[in-house]
Amino acid sequence: MASPAASTILGIRVDNVTSHEALARIEEYLTQGGTHQVNTVNPEFIITARDDPRFARILNQSALNLPDGQGLIWAARLLGQPLRERVTGVDTLVRLAALSAHKGYRIYLLGAAEGVAAAAGRQLMARFPGLVIAGIDMGSPAAEDEEAITAGISSARPDILFVAYGAPHQEKWIARNLARIGVPVAMGVGGAFDFLSGRAKRAPHWMQRLSLEWLHRLLYQPWRWRRMLALPRFALLVLRERLGSSE
């Protein structure tokens with residue numbers, strides 16, 4: 001399907017899709033053959049990619065980069081390449097689960113802490129009767145564990161693979177193994193299983209609207225403070241690029 005041109009934020013492509021368009025694009029991937037990597041890009045991804053050329057290449061070569069982060073909306077507008085909507089990974093996962101229950105697609109949950117993916121799977125099946133979960137595996141992003149994990153996924157024959165190893169591990173794992181497992185769509189989902197299982201709480205809608213999810217995460221997960229240092233660095237780099245382009 002045709003969609004408006006993507007934005008480029010600090011060298012990383014971010015696709016200008018709405019939630020509806022993202023779902024339609026992914027359903028096209030499920031029916032057209034081949035394998036497709038979907039990423040949920042946020043400011044932390046972009047800062048990590050600046051220091052990790054391999055991660056940057058993976059993002060820029062993937063089939064679809066969702067604009068998952070209010071900071072991206074701000075940055076794209078400031079840089080004159082506005083994105084129309086924030087499209088979060090956890091909401092996209094839920095929409096794909098609903099689509100899969102309706103259309104008969106099979107999903108596979110890989111990653112997160114012990115028992116979390118299973119709990120997330122139970123919640124999804126309760127919410128969407130008829131959903132087929134082809135497999136669940138805590139797994140590991142370590143290269144030495146890939147043979148057994150990929151064999152299990154291949155034998156389960158899922159249509160959609162959700163990987164929750166955290167960035168950039170999950171994106172690198174998918175890039176290394178997608179052709180081998182032959183899953184039509186693979187998507188890194190970070191902490192989505194934690195939210196779906198109830199292990200972690202999402203920010204209230206009013207905080208999401210005010211772009212305060214970072215504050216909610218810091219209050220409930222104070223150990224994340226080091227990761228959040230990426231946010232001011234991201235803002236400064238975007239401002240520098242904006243000022244440089246206006247000279």
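The values are calculated or read from the model by the stated rules, or taken from the named source; none is laboratory data. Being a predicted model, the structure only gives us computed values, none of them experimental. Heads up, the Cβs are rebuilt from the backbone with ideal geometry, glycines too, and the neighbour counts pull from every protein chain shown.
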Discussion item. If I filter the range 35-48 for residues that are without any contact (Cβ under 8 Å) to a residue 60 or more places away in the chain and in contact with a Phe, Trp or Tyr (Cβ under 6 Å, 6 or more places away or on another chain), do I get at least one hit?
Written reply: no
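Within the range 115-137, is there a residue that is within 13 Å of residue 192 (Cβ to Cβ), touching a Pro at 6+ places or on another chain (Cβ under 8 Å) and modelled with pLDDT of 95 or more?
no
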Worksheet entry | Failed item in (1) more than 15 Å from residue 26 (Cβ to Cβ); (2) not in a loop (DSSP other than H, G, I, E, B), with residue 140 passing the rest | (2)
Worksheet item: Across the range 92-125, which residue is surrounded by the fewest Cβ atoms within 10 Å (Cβ to Cβ) among those that are under 27 Å from residue 17 (Cβ atoms) and β-branched (Val, Ile, Thr)?
Response: 94
Discussion item. What's the total number of residues in the range 57-73 that are over 12 Å from the mean Cα position of the chain (by Cα), crowded, with 20+ Cβ neighbours inside 10 Å and modelled with pLDDT under 95?
Written reply: 1
Worksheet item: Which ranges mark the strands (runs of 3 or more DSSP E) fully within the range 1-48 that have 2 or more residues being of a type outside the set (A, V, I, L, M, F, W, C) and within 20 Å of residue 173 (Cα to Cα)?
Response: 36-41
Item to complete: Check 109, 196 and return the single one that is in a helix (DSSP H, G or I) and hydrophobic (A, V, I, L, M, F, W, C).
Response: 196
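For the range 1-13, give me the residue count where each residue is of a type in the set (Gly, Ala, Ser) and surrounded by 16 or more Cβ atoms within 10 Å (Cβ to Cβ).
Count: 2.
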Worksheet entry | Scope the range 50-104; condition farther than 16 Å from residue 186 by Cα, in a loop (DSSP other than H, G, I, E, B) and touching a Leu at 6+ places or on another chain (Cβ under 8 Å); matching residues | 83, 86, 87
Practice prompt. Evaluate the range 14-34: report whether one residue or more is more than 13 Å from the chain's Cα centre (by Cα), at pLDDT below 95, surrounded by fewer than 16 Cβ atoms within 10 Å (Cβ to Cβ) and more than 30 Å from residue 131 (Cβ to Cβ).
Written response: no
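Identify the residue in the range 46-56 that is of a type in the set (A, V, I, L, M) and surrounded by fewer than 23 Cβ atoms within 10 Å (Cβ to Cβ) and, among all such residues, is farthest from residue 244 (Cα to Cα).
Across the range 46-56, the extreme among qualifying residues is 56.
Can you tell me how many residues in the range 144-162 are in contact (Cβ under 8 Å) with a residue 12 or more places away in the chain and assigned to a helix (DSSP H, G or I)?
Residues flagged as in contact (Cβ under 8 Å) with a residue 12 or more places away in the chain and assigned to a helix (DSSP H, G or I) within the range 144-162 amount to 7.
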Discussion item. Can you tell me which of (1) modelled with pLDDT of 95 or more; (2) out of contact with any Asp or Glu (no Cβ under 7 Å at 6 or more places or on another chain) is the one residue 168 doesn't meet?
Written reply: (2)
Item to complete: Just name the residue that is surrounded by the most Cβ atoms within 10 Å (Cβ to Cβ) out of those in the range 126-137 that are touching a Leu at 6+ places or on another chain (Cβ under 8 Å) and closer than 18 Å to residue 111 by Cβ.
Response: 136
